Each structure stands twice: as C-alpha cells, then as structure tokens.
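> After the structure tokens below, expect a handful of questions from me.
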Amino acid sequence: MDSPLAIDIQDLRKTYREGIFRKRRQQALRGVSLDVRPGEVFGLLGPNGAGKTTMIKILLGIVHKSSGTASLLGHAAGSQISRSRVGYLPENLRVARHHTARTALNFYGRLSRMSTQQIARRSDELLELVGLRHRDRESVRGFSKGMGQRLGLAQALLHDPDLLILDEPTDGLDPLGRSQVRDIINQLKGQGKTIFLNSHILQEVETICDRFAILAQGEVRAIGSIDDLRGTNAETAATLIVSHLPSDAIEKLAQADVTATTETINPDLQRVLIDRCPQADLDRAVDALRAAGASIHQIQRGTSTLEQIFLSLVQPQPPESL
C-alpha cells in the first residue's frame, strides 16, 4: 500500500441524486485525476460549484465516491489509518463558546485518542507556533476571526499529522492575519508536512503554493506550477511597436481572427495592443501586419498572473454561432 504520493486521485467521479424519487442527477466530479507530492504545498482553485468541497469530503471519508480511486499517504481515502494521519481545518470551524484555546485543544486531543501528557506537550508547542501562548486561557467567545483560524490550525496539527487539508484557511482575515497564516504554512512545509490548500484568494495561492489545480464544472482544467501554466495555458497580452501602419490595420487583424486596438506614439510609430494573446494569435498578427506593409520594430509580451490564467480557464465560453 505504500505510495510515494501524499494524495493520489485517479478518474474520481461523484454523482448526486436529487429529487423526491432521486431521478435527477448532478455530476459534481467528472473524472478528476491529480496527485500531491510529499512535502509540497498544493493549492486547489475553482469557482463556486466547481466540486472542490466534494473532493475534500471524499478524501476525508465524509462522502462516498461514485467511481474512481483516491488514496492518502498510500491508504484508501476515508480509511481509519488515512484519517489518523491527516489534520483538517474546515472553512468555518465552530468551537463551543465555553472553551478556552487550551480546553479546546484538550477536547480535540481526546477525540484523537491522545494521552493527557501528549495533549499538554503538543498544546504548549502549538499555542506558541500560532501565537496564542499568552491567550490560551481566555474564552474563545472573545477571539477575533484571525485568532479562531490560528486555533483551528493548532487543532489540525495537534496529533502531528503528515498531511494537512486546509479549507479556506485565510478566509475573512485581514492582511496581517493572512501573513501570519502564510508564515505558519511555510514553517510547516519546512518541517516536511504536506499541505493541501483550498482557497479562493488567487494571489495567496500563487505566493505560497508549489503547484495547484484549477477545477471547474467537476473537471481539472489545468495542473502544475505557475510557470507550467504560463507556458501551456497563458493568454498573455502582447504589444507591438510598428511603423507604416495602414489605416485598415484593425480590419486586417480581425480577418486573421485577432482582436486588437491601436495607439499613436508619435507621427512615425504606432502601438498595437492585443489583450489575451496566445502565441498562435501573435503569429497571425505579425503575418497580417507584415502583409499589410507595416514594419514591426518591437514585440513585448506581458507575464500572466494566476488570475488571468484562472479566468481564461473557468469563464463560460460563448456559444458558437450556427
């Protein structure tokens, strides 16, 4: 059963049956395959309804898959041994208001069948790690959102898991709180922990994740590092500096299936701007401009952000004309 992968998902499918007679079907996952390597921070991205929550619930054994395979650390997802090696921070962790940070950790430790001595030792370490060491005996009812998230991280780490699954760990936090959580994630990575992170904050995922997958309508649209996706999926902007640009240049570019705008730099030079321009479009634009008699002096390519890549992959495509 041993596997070199922290998470291994192959052709995972989940269909929900709805309605009084359960005749209506909704496909939440449509043949998802991805892997997470030991020791990396892996991000899961996708719009609402993409299937992210369903995938996490299957990995944790909360929801049963319809078909396909999913394993954690070489063991079947949802099995007792895989759950014992996973720490989970749900999106909205609710800690009973009568608890303090320390009594809450004692409660979660007992759920993990830890001894009193183990709980006390780990609580001291983790309260220090998440910055609650001197607030550990205060009621959680007075905790801010950021303090609650840090307590949630502590409970997820209490039994010293090998794999952490974090669902929106910085949701609702201010910039300082997000920075603190990022620092903790980097510390955990330095300790060899594997972190599977679900977040809608794209800039954050781009900053802290080694690789990520983009999920939309139950399908993986892309997987890899930001550099991988820039090379294969990016539709970067292009700027061409040209001279002798004909008056009908925009029409000629449109005939080549390239949408562009122009700006005048000076009487001799014009700027041609092409937004979301994959290499094939740029090649056609260059050919069309040269055929029209324009001289190209310079070509500049922008660097795609994760947001640009994300939007290009998940936004609905307009229907084709008949």
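> What value, in deg cm²/dmol to 500, does the helix sum -39500 (n - 2.57) over DSSP H runs of n ≥ 4 give at 222 nm once divided by the residues of the chain?
Result for the chain, helices only: -10000 deg cm²/dmol.
> Nearest-5 percent of antiparallel DSSP beta bridges in the chain?
Taking every DSSP beta bridge within the chain, about 70 percent pair in antiparallel fashion.
> If you don't mind, there's one more thing I want to ask. Taking the Cβ of R30 as the centre, find all other residues whose Cβ is under 15 Å away and add up their charges (Lys, Arg: +1; Asp, Glu: -1).
With Lys, Arg at +1 and Asp, Glu at -1, the net is +4.
> Report, in debye and to the nearest 20, how large the dipole of region 185-265 comes out about its Cα centre when Lys and Arg carry +1 and Asp and Glu carry -1 on their Cβ.
440
> Just to confirm a number: summing +1 for Lys and Arg and -1 for Asp and Glu over residues other than P169 whose beta-carbon lies under 13 angstrom from that of P169, what do you get?
-2
> With +1 on the Cβ of every Lys and Arg and -1 on the Cβ of every Asp and Glu, and nothing else charged, how large is the dipole of region 7-230 about its Cα centre, in debye rounded to the nearest 20?
The dipole of region 7-230 has a size of about 1060 debye.
> Projected onto the charge dipole of the chain (+1 at Lys/Arg Cβ, -1 at Asp/Glu Cβ, origin at the Cα centre), which of Y108, L153, F143 gives the Cα projection farthest towards the positive end?
Checked the options; the winner is Y108.
> For the pair A96 and E128, what calculated FRET efficiency results from E = 1/(1 + (r/R0)^6), where r is the Cβ-Cβ distance and R0 = 22 Å, to the nearest 0.05?
Efficiency computed from Cβ-Cβ geometry: 0.40.
> Also: If you take P(r) over Cα pairs in 10 Å bins from 0, in percent from the coordinates, which of (i) 5, 22, 25, 19, 13, 9, 5, 1, 0; (ii) 6, 26, 33, 21, 9, 4, 1, 0; (iii) 6, 27, 37, 24, 6, 0 do you get?
(i)
> For the charge dipole of the chain, defined by +1 on Lys and Arg C-beta atoms and -1 on Asp and Glu C-beta atoms about the Cα centroid, which residue among A222, A288, G131 has the Cα displaced farthest towards the positive pole?
Most positive-ward Cα: G131.
> What's the extension gain from A237 to Y16 if we count 0.36 nm per residue and subtract their Cα-Cα distance?
Extra length available between A237 and Y16 comes to 75.5 nm.
> Right, here's the next one. Could you give the distance between the Cα centres of region 41-56 and region 273-315, to the whole Å?
Using only Cα atoms, the two centres lie 30 Å from each other.
> So for the chain, if I pair up every lysine 8 or more residues apart or on another chain, how many of those pairs have alpha-carbons under 13 Å apart?
The result is 4.
> Net charge near N92, counting Lys/Arg +1 and Asp/Glu -1 over other residues with Cβ under 14 Å of its Cβ?
That sum, taken over residues with Cβ under 14 Å, equals -2.
> A follow-up question, please. What is the gain in length, in nm to one decimal, between S139 and T264 on full extension, counting 0.36 nm per residue of separation less the C-alpha to C-alpha distance?
Contour length minus Cα-Cα distance gives 38.6 nm.
> Something else now. Can you compute the FRET efficiency between L176 and Q117 using 1/(1 + (r/R0)^6), with r the Cβ-Cβ distance and R0 = 30 Å? Round to the nearest 0.05.
Computed FRET efficiency for L176 and Q117 comes out at 0.30.
> What's the FRET efficiency of S67 with R37 using the Cβ-Cβ distance as r and R₀ = 25 Å, to the nearest 0.05?
0.50
> Testing the spin-label approximation: label points 7 Å from Cα along Cα→Cβ at I223 and Q27. State their distance in nm.
Output for this residue pair reads 1.8 nm.
Every number here is computed from the coordinates shown, using simple stated rules; none is lab data. The model shown is predicted, which means the values in this text are computed figures rather than measured ones. Using ideal geometry, Cβ is built from the backbone for each residue, glycine included, and neighbour counts are taken over all protein chains shown.
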